[in-house]
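The values are calculated or read from the model by the stated rules, or taken from the named source; none is laboratory data. Everything numeric here is computed off the predicted structure, so don't read it as measured data. No Cβ is skipped: glycine too gets one built from the backbone with ideal geometry, and neighbour counts run over all protein chains shown. SASA here: full protein model, heavy atoms, side chains in, ligands and nucleic acids out. Shrake-Rupley method; radii C 1.70, N 1.55, O 1.52, S 1.80 Å.
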Amino acid sequence: MKKLLKISNIVIFILLMMFLMFFLSFFIGKKEYKNVHVNVKKGTTFQQIYKELKLNYGIMDRLYLKTKGKNTNLKIGTYKFDGKFSKYEIIRKIKNSETNGIRLTIPEGFTTKQIYERMDALGLGSREEIENVLKTVDFPYPHEGNNFEGYFYPETYIFNENVTTEQVIKTILNEFLKKFPPEKYPNKAEFYNNLKLASIVEAEVPNNADKSKVAGLFKKRLEKGMRLESDATLKYELGRQALRGELKNTNTPYNSYKTKGLPPTPIGNPPYETVKIVEDAVGGDDLFFFTYKGKTYYSKTHEEHLKKRRESGQLK
């Protein structure tokens with residue numbers, strides 16, 4: 001009997017200690033954040049929020065959230081954390097829907113498909129709603145077939161909670177027009193070609209020095225009537241990395257291994273800097289390039305190109 005009582009006391013002590021540790025870490029302990037924004041989208045869970053805020057998601061946290069309704073009715077929006085917050089204060093802020101608007105970030109090079117998905121997840125409009133709005137937009141640059149690829153300017157936008165899809169679209173497109181005023185580019189077809197090339201360059205290489213070289217190289221190939229042979233163009237249409245056989249055999253205007261010239265549209269949304277680099281780029285002697293393990297190699301001939309690929313280990 002005494003042994004059973006002793007075991008019971010130990011169990012009670014352990015449970016009390018666990019509760020005390022949970023109480024201290026959950027209600028008393030605070031973590032400091034400096035201007036951290038958490039985007040709650042459709043389907044976002046507290047486990048994901050914990051991970052984003054670098055918090056430990058323990059058993060007691062799960063039990064507490066389960067008793068409090070866990071992930072039900074999390075309001076879509078951006079929650080700003082600036083200062084010291086306990087786990088309890090973080091959960092309360094989100095449960096009380098204390099949003100700081102809706103934060104939409106469009107990374108450089110993102111495609112409209114990716115942007116539509118992000119907007120939908122943030123409750124800013126479904127694909128159908130976005131496309132219906134675009135049909136009504138009076139836009140000064142080429143957009144045949146209601147295709148606005150290239151014009152969704154990469155930036156971080158913050159909207160009020162009651163914003164409409166139309167207001168979101170017009171804000172993004174107006175940002176593009178601020179960067180590229182129509183009166184500054186009277187030759188819209190030439191500008192559109194530069195935008196197409198900029199989107200390819202953006203997809204191919206990350207830094208400005210290489211962007212300038214690759215842009216000049218692509219211009220040189222176009223002048224010579226050579227195919228661009230960029231993996232990025234077919235990847236855009238497929239929505240994934242193209243296989244070697246697909247690059248050789250897929251007949252589509254977006255396969256620059258098979259089709260000469262530029263694709264029908266941009267393949268993403270490049271920033272101002274990349275477009276400017278393309279505008280200023282001048283072709284040199286190089287006609288081939290590849291990137292391997294973060295380094296870009298340039299060659300004047302196909303033979304030199306193959307040699308560098310073998311020497312670098314890119315070609316087995």
(request) Search the stretch 72-92 for residues that are farther than 20 Å from LYS31 by Cβ and assigned to a strand (DSSP E or B) and pair each with any residue that is among the polar types (S, T, N, Q) and open to solvent by 10 Å² or more (accessible area, probe 1.4 Å) when their beta-carbon atoms are under 9 Å apart and the residues are at least 6 apart or on different chains. (result) GLY77/ASN39; GLY77/SER97; GLY77/THR99; GLY77/ASN100
(message) Let me confirm something: among GLU161, GLU98, GLU144, GLU149, which residue is of a type outside the set (A, V, I, L, M) and crowded, with 16+ Cβ neighbours inside 10 Å?
(response) GLU149
(request) Taking GLU128 as meeting all but one of (1) within 20 Å of SER256 (Cα to Cα); (2) without any contact (Cβ under 8 Å) to a residue 12 or more places away in the chain, write down the number of the exception. (result) (1)
(request) With respect to THR274, determine if the residue is of a type outside the set (D, E, K, R), within 23 Å of THR111 (Cα to Cα) and surrounded by fewer than 17 Cβ atoms within 10 Å (Cβ to Cβ). (result) no
(message) Which count do you get for residues in the stretch 250-307 that are among the hydroxyl-bearing types (Ser, Thr, Tyr) and closer than 19 Å to LYS224 by Cα?
(response) 6
(request) List every residue pair whose Cβ atoms sit under 9 Å apart, with the two residues 6 or more apart in sequence or on different chains, where the first one lies in the stretch 108-121 and is more than 14 Å from GLY268 (Cα to Cα) and in contact (Cβ under 8 Å) with a residue 40 or more places away in the chain and the second, anywhere, is of a type in the set (Gly, Ala, Ser) and open to solvent by less than 70 Å² (accessible area, probe 1.4 Å). (result) MET119/GLY125; MET119/SER126; ASP120/SER126; ALA121/GLY43
(request) Only residues that are aliphatic (A, V, I, L, M) and open to solvent by less than 10 Å² (accessible area, probe 1.4 Å): list them for the stretch 194-241, please. (result) LEU195, LEU197, ALA198, ILE200, VAL201, VAL205, VAL214, ALA215, LEU217, LEU228, LEU234
(request) Taking PHE46 as the residue in question, decide whether it is at pLDDT below 90, among the aromatic types (Phe, Trp, Tyr) and surrounded by 12 or more Cβ atoms within 10 Å (Cβ to Cβ). (result) no
(request) Please enumerate the residues belonging to the stretch 164-181 that are over 22 Å from GLU202 (Cα atoms), open to solvent by 10 Å² or more (accessible area, probe 1.4 Å) and not hydroxyl-bearing (Ser, Thr, Tyr). (result) GLU166, GLN167, LYS170
(request) Would you tally the residues in the stretch 101-125 being open to solvent by less than 40 Å² (accessible area, probe 1.4 Å) and out of contact with any Pro (no Cβ under 7 Å at 6 or more places or on another chain)? (result) 12
